[in-house]
Amino acid sequence: MIQFENPYYFWYFALVGVIILLFVIYRLWQTRAQKRFADPELFKFLAPQRSVFKLWVKFIFFILALSSFIIALANPKMGTKMETVKRQGVDIVFALDVSKSMLAEDIAPNRLEKSKQIISQTLNALVSDRVGIIGYAGSAFPQLPITTDYGAAKTFLQAMNTDMVSSQGTAVADAIDLASTYYDRDDTTNRVLIIVGDGEDHGSKADEAIERAVENNIKIFTIGVGTSKGGPIPIKQNRGVTYKKDNQGQTVITRADKMTLKNISEKGNGAFIDKVRTDEIVKALLENLQKIEKSEFETKQISDFKTQYQWFVGFGILFILLDILILERKTQWVRRLNLFNEKEYDDEI
């Protein structure tokens with residue numbers, strides 16, 4: 001089996017095609033020009049040592065050298081060696097609040113985008129842990145099941161928005177219960193739930209859900225996003241931006257409830273992270289995750305592909321040397337064989 005690390009270099013073969021086309025056009029022009037200069041038989045007499053065959057051979061070697069270098073740039077990898085890889089880590093589920101209050105801009109750019117930055121940078125720092133993503137507002141919904149594909153996790157994360165749930169509110173209890181279904185019941189891997197949101201309007205059912213999570217050996221960490229001062233909830237419309245108002249026509253001010261988030265983490269045997277800068281939040285979260293014992297959760301065999309570009313570099317150098325060493329003059333011993341019964345021209349004529 002062959003894999004190419006940089007397959008986009010194959011586009012350079014288009015340049016090889018252009019070179020071949022230009023060479024053919026040049027040879028046709030050269031042949032016509034020679035016919036205008038002298039009769040073909042007379043031209044052979046004037047240049048008896050010139051070999052058209054070698055000219056094409058040299059060009060073929062040049063094309064082969066160029067092609068070899070292009071393949072080397074693509075870095076082919078071949079091999080069938082199988083090796084067993086043991087992965088150790090923690091099962092981590094991120095529960096992201098996507099309620100309308102997360103659109104508040106009391107932190108830049110807004111609470112939701114700030115939360116995405118925190119989760120995305122955390123994913124960048126993880127190595128072998130499995131991750132999943134849940135969204136919640138008035139209800140909870142699965143966004144990404146447990147996986148080791150961090151690229152897919154970030155793609156699904158960026159697609160999350162406040163329009164994904166029609167019912168508003170902050171059903172953190174539903175999110176905790178949904179997270180419990182993400183983990184394999186027969187797996188001994190340590191389990192972590194990270195709730196990222198403003199903590200507003202969590203409701204009274206959270207305590208019962210936390211107890212069920214603790215019974216399932218799930219540690220709950222919370223990250224507060226937003227300020228106690230709070231801010232209005234923007235509503236973008238075609239005519240511009242307005243702000244959410246209550247029944248009395250007053251602008252609604254949403255404030256982060258960090259005390260609730262702290263209580264959730266304490267009851268969930270985790271930790272509450274209350275920082276301002278994204279890098280500080282991620283650093284604190286990673287420090288807490290490193291304290292959790294990692295378990296072996298996956299053992300599989302993978303194919304070990306070895307880089308083989310050096311062979312094609314060698315072939316390219318060989319073809320270049322052959323192109324240089326082969327002269328355009330006819331080879332004397334081949335000429336003496338006269339395989340095609342060609343007419344010899346006497347030098348004294």
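Summary table
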| read-out | value |
| --- | --- |
| Exposure ranking of 128, 167 by accessible area [1.4 Å probe, largest first] | 167, 128 |
| 17 Å reach of a label modelled at residue 120, 7 Å along Cα-to-Cβ, counting backbone N of the range 276-297 | 277-283 |
| Reachable lysines, given that their alpha-carbon falls under 21 Å from the alpha-carbon of residue 306 and they are not under 8 places away in the same chain | 77, 81, 86 |
| Cα→Cβ-extended label distance, 7 Å offset, between residue 207 and residue 56, nm | 9.2 |
| Heavy-atom accessible area order for 102, 164, 259, largest first, 1.4 Å probe | 259, 164, 102 |
| Highest to lowest packing among 279-290, 220-231, 12-23, 134-145, scored as the average C-beta count within 10 Å | 220-231, 134-145, 279-290, 12-23 |
| Whole-number D in µm² s⁻¹ for the range 138-272, Kirkwood Cα-pair radius fed into Stokes-Einstein, 10 °C, 1.306 mPa s | 96 |
| Debye intensity ratio I(q)/I(0), log10, the range 101-140, q values 0.16, 0.23, 0.24, 0.28 Å⁻¹ (C-alpha model) | -0.52, -0.85, -0.88, -0.97 |
| Rounded to whole Hz, the Karplus (6.51, -1.76, 1.60) HN-Hα couplings of the range 139-144, x for glycine and proline | 8, 9, 9, x, 10, 8 |
| Accessible surface of residue 278 - all protein chains present, 1.4 Å probe, nearest 10 Å² | 20 |
| Over 20 Å (Cα to Cα) - which of 267/291; 244/275; 114/245; 154/267; 205/258 fall in this group | 244/275; 114/245; 154/267 |
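The values are calculated or read from the model by the stated rules, or taken from the named source; none is laboratory data. Given the structure is predicted, the values throughout are model-derived calculations rather than measurements. Cβ sites come from the backbone with ideal geometry, for glycine too, and all protein chains shown count toward neighbours. Please note that ligands, DNA and RNA were not included when accessible areas were found on the heavy atoms of the full protein model with its side chains. Shrake-Rupley method; radii C 1.70, N 1.55, O 1.52, S 1.80 Å.
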